[in-house]
Amino acid sequence: MIKFFSKIRQDLLSESKTRKYLKYAFGEIILVVIGILIALSINNWNQNRLNKDLETIYCNRLLNDVREEKLTLESIINYSKQVSAHAKKAIAVLENTPNASANPVENIVDLYQASQYADSYSASSTYKELIASGQINLIQNDNLKTALIRYYDIQWAETGTFTFQNKYRENLRGKMPDDIQTEIRSKCGDIYIKSRNSYLLTLPSNCTVNIDSKIAESVVEELRKDESLKKDLRYLIGNEAGKLNDLSAVKLQLDNLEILLEKIIDQ
């Protein structure tokens with residue numbers, strides 16, 4: 001009988017130890033789980049902070065791109081207006097209308113300057129990097145993300161008004177005497193103005209060329225007989241008008257992008 005109760009007592013003690021061990025093990029598991037959850041939470045918080053910092057860096061870079069592009073766009077708009085002004089004077093000369101200038105040297109300059117053009121480009125390096133790296137989703141503001149995609153995916157610098165074949169330029173420069181072209185090019189050529197990370201282009205508002213008026217008059221008379229020049233110049237004038245209209249819409253998009261980026265960066 002004593003052995004029987006002794007065995008029961010040992011079994012109870014063993015069961016008690018097992019329960020204590022299980023409680024201890026369960027407690028250890030809970031602590032480990034809590035530790036993992038805390039570590040994950042800290043890791044997520046740290047990753048979110050890093051993502052936020054990276055988003056801010058990209059937004060600042062995007063803002064710099066937008067501001068540079070605005071300057072470029074304003075330069076192209078100004079250049080297009082200058083070319084259009086010369087072209088309208090030039091078509092009056094070719095069509096021999098009453099409002100054409102009586103100065104043959106001025107006529108020659110207008111005919112030449114109407115053939116000028118400015119290359120266009122988009123400052124999109126940061127956006128392209130975001131797309132290529134798959135980090136566009138770092139941009140948390142949906143309005144900004146949509147505005148970026150809508151703006152940069154259009155690629156305004158590659159639209160028809162910018163890539164059209166300038167037949168007037170080729171036509172005129174193939175027919176105007178080379179010495180006259182060289183003189184105008186040396187005195188009335190493009191002016192490059194350093195701005196931020198690029199050079200902006202403009203034409204001189206006034207230029208003085210050394211061309212004999214009688215020679216200029218004879219050249220104008222010869223060019224005036226060429227109907228193909230008139231046709232190409234009319235087309236150029238229409239294209240420049242379309243370009244200015246397109247650029248007005250592009251500038252509105254850029255203005256909105258700049259406002260959105262400034263608000264996000266200031267938050």
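The values are calculated or read from the model by the stated rules, or taken from the named source; none is laboratory data. Keep in mind that this is a model prediction, so the values were computed, not measured. As a convention, Cβ positions derive from the backbone with ideal geometry for all residues, glycine included, and neighbour counts pool all protein chains shown. Note: accessible area is taken over every heavy atom of the protein model, side chains too, but ligands, DNA and RNA are not part of it. Shrake-Rupley method; radii C 1.70, N 1.55, O 1.52, S 1.80 Å.
Miscellaneous remarks
- Checking each residue in region 88-116 for being within 31 Å of the chain's Cα centre (by Cα), outside any helix (DSSP H, G or I) and surrounded by fewer than 21 Cβ atoms within 10 Å (Cβ to Cβ) picks out only 116.
- Pick from region 173-199, criterion among the charged types (D, E, K, R) and over 22 Å from residue 125 (Cα atoms), ranking: surrounded by the fewest Cβ atoms within 10 Å (Cβ to Cβ): 178
- Among the residues of this structure, residue 249 counts as one that is farther than 26 Å from residue 105 by Cα, open to solvent by less than 100 Å² (accessible area, probe 1.4 Å) and either part of a helix (DSSP H, G or I) or among the aromatic types (Phe, Trp, Tyr) (or both).
- Condition met for residue 237 (part of a helix (DSSP H, G or I), touching a helix residue (DSSP H, G or I) at 6+ places or on another chain (Cβ under 7 Å), of a type in the set (A, V, I, L, M, F, W, C) and open to solvent by less than 60 Å² (accessible area, probe 1.4 Å)): yes
- Taking helices (runs of 4 or more DSSP H) as the structural unit, no element lying wholly within region 119-172 holds at least 2 residues that are crowded, with 18+ Cβ neighbours inside 10 Å and polar (S, T, N, Q).
- Residue in region 212-221 that is of a type in the set (Lys, Arg) and within 19 Å of residue 79 (Cβ to Cβ) present: no
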